[in-house]
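The block underneath contains the structure these notes are about, expressed in structure tokens.
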Amino acid sequence: MAHKAGFVSIIGKPNVGKSTLMNVLVGERLSIITPKAQTTRHRILGIVNEEDYQIVFSDTPGIIKPKYSLQESMMSFVNGSLTDADVLLFVTDINEVHDEDDVLDKILNKDIPTIVLINKIDQATQEQVEEKIAYWQEKLNPVAVYAISALHKHNVDGLLDRVLEMLPEHPPYYDKEDLTDRSERFFVSEMIREKIFMNYHKEIPYSTEVIVKSFKEEEMKNGKGTMIRITAEIVVERDSQKNILIGTGGSMLKKVGTEARLEIEKFLDSKVFLEMFVKVIPDWRSKKNYLKSFGYDN
């Protein structure tokens, strides 16, 4: 049988469940997930490999009208994912009140086969679901509409098969052993950032960037195996944010560090020593040179 391969972009507004969906489809926890909007800042690939196919899923930042340079970079990742997509999965929340214009602006003129996924239907009545399905059928005339709950893995099973039908015959784009295009260092920084999103409110999560400065495997002193020593820098925009992030006597930073370390140990399947420092770079989200050095040039 001929081999199929292609790119499938998951797009939608912030907080509709794109990252949860990708993790379910790939069967691994690649994208960080928090209840806050705009948690995802990069385009993250999740690769599903079988003998006769390779599906490359792209989790993308939620589509917004950008207000500063960081958000412009985030939207350029979305645009990039639209240029090479063979299939679009447009995720919408059952509770959305038909204000996805920013998303529709990006996809209406694109000639890409689209599947609409109405997510979070565990919070809805059958009547609401049917009304939404009818609305999207008429609005977009997509290849298919699925009513799903990514969180509860409801109605997601048939989706892979449907996507596969739509992919072209093509050799694999990535090595069949690859699960993603991102490095371990990238996922470590994302896990720390996730804990910041979970532990702080208001502006702190959005003003924060995490950079892994060093990542070294070393022998443990007692001779019982190896340990990975990680040094990470947390960048904020103001001194007041630095103080909140560190907390009284370093208590908050210690809490974030412990939660992140446990998560990283599970991910790397190794003992981890995690050291974190906080650095102030005023207004980094609007400075192109910093954004570039932090990996935000598409």
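Using a 1.4 Å probe and counting only protein heavy atoms, arrange LYS176, LYS271 so the residue with the most accessible area comes first.
My answer, sorted largest first, is LYS271, LYS176.
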Task: Cα-centre dipole for the chain with unit charges at Cβ (Lys and Arg positive, Asp and Glu negative), debye to 20 - done: 1640
- [ ] Please go through the residue pairs LYS110/LYS139; LYS213/LYS292; LYS132/LYS202; LYS4/LYS139 and name each one whose alpha carbons sit more than 23 Å apart in this structure.
- [x] LYS132/LYS202; LYS4/LYS139
Task: Interchain or long-range residues, amide H under 5 Å from THR180's placed H - done: ILE47
TODO: For Cα extents along the principal axes in Å, several values are listed as (i) 61, 55, 46; (ii) 59, 44, 38; (iii) 49, 45, 44; flag the one computed from this structure.
DONE: (ii)
Task: Accessible area, probe 1.4 Å, largest first, for residues ASP161, ASP111 - done: ASP111, ASP161
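The values are calculated or read from the model by the stated rules, or taken from the named source; none is laboratory data. Note that the structure is a prediction, hence the values are computed from the model and not measured. With ideal geometry, Cβ positions are generated from the backbone for all residues, glycine too; neighbour counts draw on all protein chains shown. The protein model used for the area step is the full one, side chains on, heavy atoms only, and it has no ligands, DNA or RNA in it. Shrake-Rupley method; radii C 1.70, N 1.55, O 1.52, S 1.80 Å.
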